[in-house]
Each structure stands twice: as structure tokens, then as C-alpha cells.
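> Quick one: the structure is below, and I'll ask about it shortly.
The values are calculated or read from the model by the stated rules, or taken from the named source; none is laboratory data. On a predicted model such as this, the values are computed, not experimentally measured, just so you know. As a convention, Cβ positions derive from the backbone with ideal geometry for all residues, glycine included, and neighbour counts pool all protein chains shown. Protein only, heavy atoms only, side chains kept; ligands, DNA and RNA dropped before computing areas. Shrake-Rupley method; radii C 1.70, N 1.55, O 1.52, S 1.80 Å.
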Amino acid sequence: MRYFLAFIVVFCSISLLMAGKKIDSLEVCLKIAGQNEKVILLNELSQAYQEISARKSITYAQSALQISQESGIRKDIAKSLTNLGSAYYHLSNYKRALEFHSKSLEIYQQLTDKTGMLIVNNCIGLDHEKLGNYDKALNFFFISLKLSNETNNQDGISMGLNNLGNLFHSLNNYDKALEYYRQALEIEKHNGNKKTISIALNNIGTTFADRGDYSESIEYFNQSLEIEQKLENIKGLSSVLNNLGIVHEKLHEYNKALTYFQRSLDLILETGNQYGIADTFINIGKLQLLMNNMSDAYANINQGLKFASDIGAKHLIMNGYLALSDFYKANKNSDESLRYFRLHSKIKDEIFSEEMTQEIINIQTQIEMEEREHDIIRLEKNNEIMTLKTEKKNLHLLLLLASLSIVTGFSIIQYNRYKNNKDNNKLLQNEVLDRMSTEKRLIKRLKIEKVITKISARFINVSDFDTAVDETLKEIGEMCGADRSYLFLLNNNKDMLDNTHEWCDEGVQPEISNLQDIPINTLPWWMSKLENDEVIHIVDVSKMPNEAHIEKKMLQDQNIKSLLVLPLKSAGYLIGFMGFDNVSKAEEWKEEELSLLNISSEILGIYFEKREIDSKLEKSYFELEKRVHDRTRELAETNHELQVEVTEKKKIEIQLNDSFIKLKKAIEETINAFISAVEIRDPYTAGHQLRVAKLSYEIASEMNLNKMQLDAIRIAAILHDIGKIYIPNEILSKPSPLTETEFCVIKNHPLAGYDILKTINFQMPVAKIVYQHHEKLDGSGYPQGLIGNEIMLEARIVNVADVVDAMISQRPYRSSQSIEDALKEIKVNSGILYDPEVVEVCLYVFNEKGFQFEEIKIRTASR
């Protein structure tokens with residue numbers, strides 16, 4: 001049967017995919033497939049809908065899971081759980097996604113299904129990455145990549161490389177990120193997968209942008225954008241447009257950046273991806289802050305921060321807090337700026353803690369060791385193949401010579417055997433030496449990269465700068481075989497040099513005490529090189545050029561035979577240099593050692609730049625706090641009466657709060673009175689307002705609306721028919737259908753309700769929602785005939801809830817209809833009369849969550 005289903009899927013796919021309708025083809029196949037075989041198609045549909053409608057994806061995955069659990073086929077259960085987790089991931093519910101992915105992994109491990117394991121390990125890594133658990137994410141990505149290499153799964157390798165790149169990008173290790181992205185791009189170009197090629201191009205563009213290479217980043221973004229437009233991939237288009245906005249913001253092209261951000265937001269809102277929505281809102285807020293649009297900036301940053309907090313995305317929350325700190329700083333509110341900066345720093349310290357950093361270093365080292373082992377295995381295989389080819393060639397030669405003459409051949413064979421054995425021994429010896437040399441280079445490179453990683457991690461969170469520098473000089477000196485390594489820094493006036501740190505190998509005389517307060521004008525050749533950003537590489541001090549005679553004498557006085565010196569720069573300015581000496585013998589520094597030293601110098605320069613910024617920031621905050629403290633003390637000393645005033649103010653605040661509570665209670669009582677008034681006038685609507693309010697609130701909650709919107713919808717739904725108190729009782733209670741004139745009178749009740757409520761200060765658009773609750777998308781509603789987005793979202797929600805309850809409620813001129821009829825009505829007219837997203841959520845609330853009206857007994861359709 002399963003083979004028959006496979007035939008059906010292929011047949012349907014060929015016949016319908018020709019028209020580019022993958023989802024349609026799967027849904028057609030689903031209708032003709034047997035009950036026990038639907039799980040495959042349901043899982044395919046779940047995957048197809050993940051980036052289009054995460055809720056539909058969840059529905060299909062749940063159906064697949066139910067069928068597979070009934071059949072007991074564990075592989076199908078695992079796949080359904082994987083798709084369910086991925087659907088929640090695209091809905092930005094990362095904790096729920098992690099729960100389902102973990103269950104799926106457990107089953108795949110029991111089945112020893114390596115393909116399933118590599119996919120789910122990668123999914124779990126993505127879940128942890130979004131939750132800010134970077135050490136856990138890296139571990140799962142590593143396991144996935146290892147399994148992909150073992151099974152030679154090129155898609156898995158590419159996926160793993162891309163995700164490792166994303167992770168190192170988040171940790172600001174851009175070189176490592178680019179390395180992984182480029183490897184992934186090469187694999188995808190070979191595979192010809194346009195979607196994953198676009199992802200890799202977008203990732204590379206983002207990395208170049210963060211490194212400040214904006215022209216190169218735009219080139220990669222445009223390549224990605226062209227592919228996404230052809231694929232019509234909404235999520236991918238939104239991501240690229242958001243990144244283009246960031247680049248143009250960095251280039252100070254603010255209007256252009258805002259256009260890209262707004263286009264990105266329009267698209268990402270269609271997908272419901274809360275992570276992307278949060279990211280884009282925060283980016284728009286930061287841009288508007290630069291454009292001095294303060295109110296819009298605050299609203300957008302707060303909106304993005306709310307979405308980020310709802311889904312627990314630590315990285316976005318951290319960025320949101322920093323943006324709010326900048327907002328308050330620009331508005332000269334130092335207390336709030338400092339408070340949000342501290343919140344930002346707290347999350348940053350959690351993400352980049354010393355323990356997590358060390359764990360990441362360990363896992364990264366393990367990944368690199370695995371890669372090196374694969375390189376060595378490939379090298380060994382190549383050597384074995386070359387040996388076999390050589391032996392085969394020699395055998396053919398011997399057979400050819402043997403055919404010429406038995407006697408002569410015998411002599412020649414003996415001679416050739418002797419000669420070939422000698423040659424083969426020499427060849428084998430050379431190959432062994434080459435292999436040993438290659439292995440040594442690989443091990444050396446691995447050690448160098450490990451030292452670089454360790455140094456990078458050390459300067460992320462520095463508690464003791466002097467110890468960190470001493471350890472760094474020691475590690476680099478030992479790695480490169482230097483006799484002495486040191487750090488020189490310029491003083492504040494930039495006219496003197498001091499040897500601040502030094503490491504010496506055993507038996508080498510320290511020079512740090514002799515190298516203090518050195519005027520830079522005594523080292524003209526040396527300083528000229530460093531100012532021009534040149535590396536000073538002297539293989540033999542005795543052969544230094546004539547123009548360096550001053551520096552040559554100084555080095556010879558210290559018995560230095562060869563040395564290497566690298567400029568140390570911060571924010572583009574020379575602040576000193578890092579150097580390495582050999583006093584025992586002259587020696588040239590190897591290329592890989594130069595690479596290590598260059599990177600180490602850059603890391604130190606970046607740290608000094610960061611330390612300078614942090615110092616200025618800390619000084620500013622300290623001065624600010626001191627000024628606030630001094631000012632507070634002055635006010636306290638000179639204005640004792642203020643205390644009395646504050647006390648009185650608190651009493652007034654308490655009285656105001658009491659008044660507010662009483663007012664709130666009065667409003668609630670007024671609302672209840674309105675409800676009673678309407679229900680007395682129209683007994684057939686008894687309980688209707690409350691039921692509409694309950695369903696409206698449920699729909700709005702499922703759509704993740706904020707608290708203020710939820711409160712507005714609840715109150716408006718309760719009062720939506722308040723205008724009926726102006727309609728004559730004989731019309732409200734008429735047992736027969738209304739005439740056209742009578743219906744016109746009824747159609748005035750939204751306006752009447754608006755007039756009643758507009759004078760009440762609800763602090764929410766309650767009156768406007770009541771005014772619009774009978775409007776339809778196509779303009780056929782009343783009283784204003786609004787179209788599409790002219791109608792408030794809150795009013796569109798109340799409208800759908802009102803229609804459902806009205807149909808299942810008893811009326812004077814007709815009997816109640818079934819809930820199935822009501823849901824069919826809104827489904828058939830979805831996108832015509834009713835908001836399609838609201839309809840989709842309403843159907844989900846009834847069909848999936850089992851929503852019921854407790855106040856009335858709903859009649860079901862006859863079977």
C-alpha cells in the first residue's frame with residue numbers, strides 16, 4: 001500500500017507541479033489516499049505551510065501525529081513531532097518547538113536513524129540559538145554536522161555549516177562565520193538549490209555589513225533579493241529587505257533605509273513570524289531615533305521589545321534595551337538611560353558568560369579536530385591510491401618485458417625488481433615524510449587557531465587586564481618559539497613609549513625595567529614604519545638598513561638577533577606595538593605564525609578601543625550620577641519644605657487612585673446598566689453582548705494582541721449594541737421580517753452607540769470599534785461603507801464574533817441556526833465580507849481548541 005501511495009504522490013505531483021501548485025497537488029493526493037496512508041501527505045503539507053501559515057502547518061502536523069500514533073509506526077511519529085516543532089519555531093514559540101523536537105530526537109536515537117537524528121539535532125540547535133543558549137546550540141549543530149559527514153549528506157552538511165555561521169555571527173566572530181557561510185554556498189551551488197543559495201548569500205551579506213564592508217554586503221544582498229523575488233518567498237524577501245535597511249542606515253541614507261524596513265515589516269506581518277516582526281520593529285525604532293522622530297521611535301522600539309519578550313528571544317531583548325537606553329539618552333533622561341543600559345548589560349553578560357564562552361571554545365576545538373581528522377583520512381586514502389597505481393604500473397612493465405625473451409627477461413626482471421624496490425622504497429619514504437610534514441602543519445595550524453580562539457574569548461570578558469596580556473604574550477611566544485614577547489604603549493601625550501608587559505623564556509634576561517620613558521623621536525625609522533601600519537620583520541638585525549642605525553644599535557645592545565614587531569591600533573590611531581625577539585639565533589618567522597600574530601594584535605587593538613569606550617561611558621555615567629547626587633543633596637538641604645509637599649502629593653495620589661478605582665467601578669456599573677437597558681428593550685439579545693465579548697476576547701488573545709487592545713475589544717463587544725436603546729421596541733421585537741424602512745432604522749444603531757460612548761474617556765477607541773462593528777471588507781457594511789483596512793482590526797474581530805453568535809441565537813423572526821452553519825458562513829465569505837486572518841483564528845478556536853459558549857445551549861446540525 002505504501003508503494004501505491006508513493007505512486008499516487010508522484011503522479012499527482014507531476015500532473016500539478018507542472019503548474020507550480022505544490023500545495024494544491026498534495027491536497028488533491030490527500031483526498032484520494034487511504035486513511036492509513038495519509039500521514040506522509042499530511043507531513044508534506046505541514047512542511048509546505050511552515051513559512052506560509054504556521055497555524056495550518058501545526059494543524060496538518062497534529063493530524064499526521066494522531067494517525068501515526070494510531071498506526072504505531074515510530075518513524076512517522078518522529079517525523080510528525082519534528083514538523084510540529086518546526087511549525088511552532090516559525091510561530092516563534094521556541095520553547096514549545098524545543099519540547100517537540102526533543103521528543104522526536106529520542107525516537108530517532110532509539111531507531112538509530114542517522115538522517116532523522118542529523119535533521120532534529122539541527123532543529124534543536126536553532127531552538128537554543130533563538131533562546132540565547134549559544135553553547136547548547138553549538139553542541140547540537142556540531143552533532144548534526146558530524147552525522148552529516150558520516151552519512152555524506154550534502155544537504156545536512158550545508159545546513160549545519162550555515163547554522164554554525166549564524167551562531168558565530170551572533171558571537172561577533174565574523175571571520176569564522178564567513179568561513180562556514182562560504183563552504184555552505186559552494187555546496188549549494190553544486191546542488192543547485194536556489195532557496196539555500198539565497199540564504200547563504202544573505203548571510204554573507206549580513207556578515208560583510210557588520211564588518212563595515214557595505215558595498216560588498218549590498219552586492220550579496222542584491223543577488224539574494226533577485227532569487228527570493230523569483231521564488232516569491234515572503235519570509236526570505238522580508239529578511240533581505242530588513243538587512244538592506246540596516247546597511248542604508250549605516251550609510252546615513254535614512255529615508256531609503258526606512259522604505260526597506262517598512263517593506264520588510266509589511267511582508268513579515270503576513271507570515272506571523274514574531275522574531276522577524278520584533279527585529280524589524282526595533283530596527284525601525286532605532287532608525288527613527290536617528291531621524292529625531294522621538295514618539296515613533298519609542299512606540300516602535302517598545303512594540304519590538306514586547307514581541308521579543310513574549311517569545312523569550314534574549315538577543316532581541318538585549319538590543320531593545322540598548323535602543324531604549326539610547327532613546328532616553330537622546331531625551332536627556334539619564335536615570336532611565338542608565339537603567340535600560342544596565343538591563344542590556346545584564347542580558348549580555350548572561351549570553352556571553354565566561355562559562356558559556358569556555359564551553360563554546362571547547363566545542364569549537366572539537367569541531368576543528370574533527371575537520372582535521374577528515375583531512376588526514378582523505379590524505380591517507382589518496383596516498384593508498386597512489387601506491388596501488390604505482391604497483392599496478394610496475395606489474396604491467398614486468399609482464400611486457402617477460403614476453404620479449406625468457407632468459408633475457410629473467411635477467412631484466414631481476415634487475416628491475418631490484419631497481420623498483422629501491423625506487424619504491426625511496427618513493428614511500430618521500431610520501432611518509434610529506435605526510436608527516438602535512439600532519440605537522442595541520443597540527444600546528446590547529447594549535448594556532450586554538451590559541452587565537454582562546455585569546456579572543458579571554459578579551460570578551462576581562463576581569464584582570466594585566467594577567468590577560470601576560471598570559472597572551474606567554475602563549476604566543478611559546479607557540480612561535482620566541483625568546484621574548486612584549487607590549488609597548490604610548491603615553492597620553494603620544495611622545496613617550498613604555499614597556500608595560502613582558503614575557504621571557506627560561507634563561508632569557510628581562511628588559512622591561514630598562515625600557516621605560518623612551519622618547520619616540522629617538523626611534524624615527526621604527527615609528528615611521530608603525531605609523532604607516534607596516535609590520536617590522538627583521539630576520540637578521542646585523543643586516544638592518546643604514547637609515548635604521550639608531551634602532552640597530554639599540555637592538556644589538558640587547559643581544560637581539562631577529563625580531564617581529566606589529567603596530568597596535570585603536571580606532572585607527574597608533575597606541576603602541578607588540579613585539580617578539582630571538583636572542584639565541586637569527587630566525588625567520590613562518591607565514592602561519594605571522595597570521596597568528598596579526599590576529600592577536602588586532603584583538604588587542606579592538607580590546608583597547610572597547611576599553612576606551614567603556615571607560616568614557618563609565619566616566620560619563622559616574623559624572624552623571626555624581627551630578628544627580630550633588631543636585632539631590634542641594635535640593636534636600638535648601639528645600640526642606642519639599643518633603644512636606646511630597647507627603648501631601650502622596651496623599652493626593654492615594655486619593656486620586658481611590659477616585660480612579662471608584663471611577664473604574666462606576667464605568668463597570670454603567671456598562672452593566674447599558675447591558676441591562678438593551679436587554680430590557682430587546683429580550684431576544686439576552687446574553688448576546690457577553691457571548692460576543694467572550695468570543696472576541698478569545699480570538700484577539702490567540703492573535704497575540706496587546707493588553708490595551710484586549711481590554712478595548714472586551715468593553716466594545718459588551719457595548720456593541722448599546723445604540724439599540726434608541727430603536728422603537730415594536731421594531732426590535734417584531735416577529736416577522738423587517739421592512740426596508742425598519743432595517744434602515746436598525747442600521748443606525750452603530751452610530752447611535754458611537755454618539756453615546758464618544759463622550760466617555762475610556763483611554764481606548766471603544767466608541768470607534770462600536771461604530772465600525774457592522775462594516776464589511778468589500779464595503780457592503782454599514783453605516784459608513786468602509787473597505788478593507790479602513791476598518792479597525794478590533795472592529796473586524798467583533799464583527800466575526802457578532803455574526804457567529806447572531807446566527808446561533810434565537811431571533812423573533814427566525815429560529816437559531818447550528819454552529820456548523822455559522823462557521824460555514826464566515827469561512828465561505830472569508831476575504832469577501834470578513835477578515836481572513838480573523839476567520840482562520842475563529843475556526844481554529846472552535847475546531848482545535850474546543851471553544852464553547854457556556855451561557856447558551858448550542859444546537860448542532862442533524863446527522
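> Please report how far the C-alpha centroid of segment 32-99 lies from that of segment 238-267, rounded to the nearest whole angstrom.
34 Å
> Moving on. With a point put 7 Å past each Cα toward its Cβ, work out how far Ile746 is from Ile661 in nm, to one decimal.
In this crude label model, Ile746 to Ile661 measures out at 4.4 nm.
> Could you let me know the centre-to-centre spacing of segment 788-830 and segment 480-529, using Cα atoms, in angstrom?
82 Å
> Can you tell me which of 293-301, 502-510 comes out highest on packing, and rank the rest after it, using the mean Cβ neighbours within 10 Å?
Descending mean neighbour count gives 293-301, 502-510.
> Here's a follow-up. Provide, as a two-decimal number, the C-alpha radius of gyration of segment 191-314 over 2.2 N^0.38 Å, N being how many residues it has.
The value comes to 1.04.
> In segment 804-854, what percent of the accessible surface is made up of carbon and sulfur (1.4 Å probe, ligands and nucleic acids excluded)?
Taking all protein chains in place, segment 804-854 shows 44 percent carbon and sulfur surface.
> How large, in percent, is the carbon and sulfur part of the accessible surface of segment 556-619 at a probe radius of 1.4 Å? Please report the intermediate quantities before stating the final value.
Numbers: 1570 of 3170 Å².
After summing per-atom areas, the C and S share lands at 49 percent.
> What nm value, rounded to one decimal, do you get for the distance between Gln516 and Leu690 when each label is placed 7 Å out toward the C-beta?
It works out to 8.6 nm between the two label points.
> Still on this structure, I have one more. If you take the square roots of the eigenvalues of the alpha-carbon gyration tensor of segment 86-199 and sort them as a ≥ b ≥ c, do you get rounded (a/c under 1.5), prolate (a/b over b/c) or oblate? Walk me through the numbers on the way to the answer.
Working: a/c = 1.67, a/b = 1.21, b/c = 1.39.
Oblate, because a/c is 1.5 or more while a/b does not exceed b/c.
> Could you sort 274-282, 721-729 so that the peptide with the highest average Cβ count within 10 Å comes first and the rest follow in order?
Ranked from most to least packed, the peptides come out as 274-282, 721-729.
> Same structure again: Rounded, prolate or oblate for segment 59-114? Axes are the square roots of the Cα gyration tensor eigenvalues, ordered a ≥ b ≥ c, and the cut-off for rounded is a/c under 1.5.
oblate
> Follow-up. If a paramagnetic tag sat 7 Å from the Cα of Lys553 along the Cα-Cβ line, which residues of segment 509-524 would have the backbone N under 13 Å from that point?
Only 522-524 fall inside the zone, counting backbone N under 13 Å.
> Here is a further query. First check a/c for segment 512-569, with a ≥ b ≥ c the square roots of the eigenvalues of its C-alpha gyration tensor; if it is under 1.5, answer rounded, and if not, answer prolate when a/b is larger than b/c or oblate otherwise.
The shape class here is rounded.
> Then there's this: Multiply the residue separation of Leu738 and Glu612 by 0.36 nm, subtract the distance between their alpha-carbon atoms, and state the gained length in nm to one decimal.
On the way: separation 126, 0.36 × 126 = 45.36 nm, distance 7.91 nm.
That works out to 37.4 nm of additional length.
> Given a cut-off of under 8 Å on Cα pairs at least six residues apart, what relative contact order in percent is computed for segment 501-588?
25 percent
> Contact order normalised by length for segment 285-355, with contacts defined as Cα pairs under 8 Å and 6 or more residues apart; what percent is it?
For segment 285-355, the relative contact order is 25 percent.
> If you don't mind, another one. So how much slack lies between Glu531 and Leu489, counting 0.36 nm per residue of separation and subtracting their Cα-Cα distance, in nm?
This chain segment gains 13.8 nm when fully extended.
> On to the next question. How do 600-609, 826-835, 341-350 rank on mean C-beta neighbours within 10 Å, highest first?
For the peptides 600-609, 826-835, 341-350, the packing ranking is 600-609, 826-835, 341-350.
> Related question: Please identify every one of the trypsin sites (Lys or Arg not before Pro) in segment 248-337 that sits in a loop by DSSP and has no more than 11 other beta carbons within 10 Å of its own beta carbon.
Lys332
> Given Cα pairs under 8 Å that are at least 6 residues apart, what percent is the relative contact order of segment 177-319?
15 percent.
> Students often get this wrong, so check it: of Lys314/Lys849; Lys529/Lys569; Lys474/Lys590; Lys38/Lys75, which have C-alpha atoms separated by over 20 Å?
Values: Lys314/Lys849 30 Å; Lys529/Lys569 13 Å; Lys474/Lys590 18 Å; Lys38/Lys75 14 Å.
Checking Cα-Cα distances, Lys314/Lys849 exceed 20 Å.
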